[in-house]
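The next block holds one structure in the form of structure tokens; read it before the comments.
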Amino acid sequence: MSSRPSASEEERAALDLATGTPVLEICRTAFTEDERPVEVDQMPLDAGSYVLEYRLSS
């Protein structure tokens, strides 16, 4: 996951964001049970519209 100070022109148009809206970008890879990657998603999100919460076991 990364954050950027503002969305690109393409992201602003696709997500209907105002100029200067900060964005989060999540890159997620889905794996099969034998750990073979089968899907990669890059998701730009309006940083002011989401709360991301992760719980990881140790």
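Observations
- Expected 222 nm ellipticity per residue - DSSP helices of 4 or more, -39500 (n - 2.57), all of the chain, to 500: -3000 deg cm²/dmol
- Among Glu35, Glu25, Glu11, the largest mean-square fluctuation in a Gaussian network model of the chain (Cα springs under 10 Å) belongs to Glu35.
- Full extension of the chain between Arg28 and Ser8 gives 5.2 nm of extra length, using 0.36 nm per residue less the Cα-Cα distance.
- Whole-percent carbon and sulfur share, accessible surface of the chain, 1.4 Å: 49
- The chain: most fluctuating residue of Arg28, Arg36, Arg12 per GNM, C-alpha cutoff 10 Å: Arg36
- Overall form of the chain per C-alpha gyration tensor (a/c, 1.5; a/b vs b/c): oblate
- When the Gaussian network model of the chain links Cα atoms closer than 10 Å, the mean-square fluctuations of Asp46, Asp34, Asp16 top out at Asp34.
- The gain in end-to-end length when the Ala18 to Gln42 segment is fully stretched comes to 6.6 nm, 0.36 nm per residue minus the alpha carbon separation.
- Cβ charges +1 (Lys, Arg) and -1 (Asp, Glu), total dipole of the chain, debye: 240
- Per residue value of the accessible surface for the chain (all protein chains in place, 1.4 Å probe), Å²: 84
The values are calculated or read from the model by the stated rules, or taken from the named source; none is laboratory data. What you see is a predicted model, and the numbers here were worked out from it, not measured in a lab. With ideal geometry, Cβ positions are generated from the backbone for all residues, glycine too; neighbour counts draw on all protein chains shown. Note: accessible area is taken over every heavy atom of the protein model, side chains too, but ligands, DNA and RNA are not part of it. Shrake-Rupley method; radii C 1.70, N 1.55, O 1.52, S 1.80 Å.
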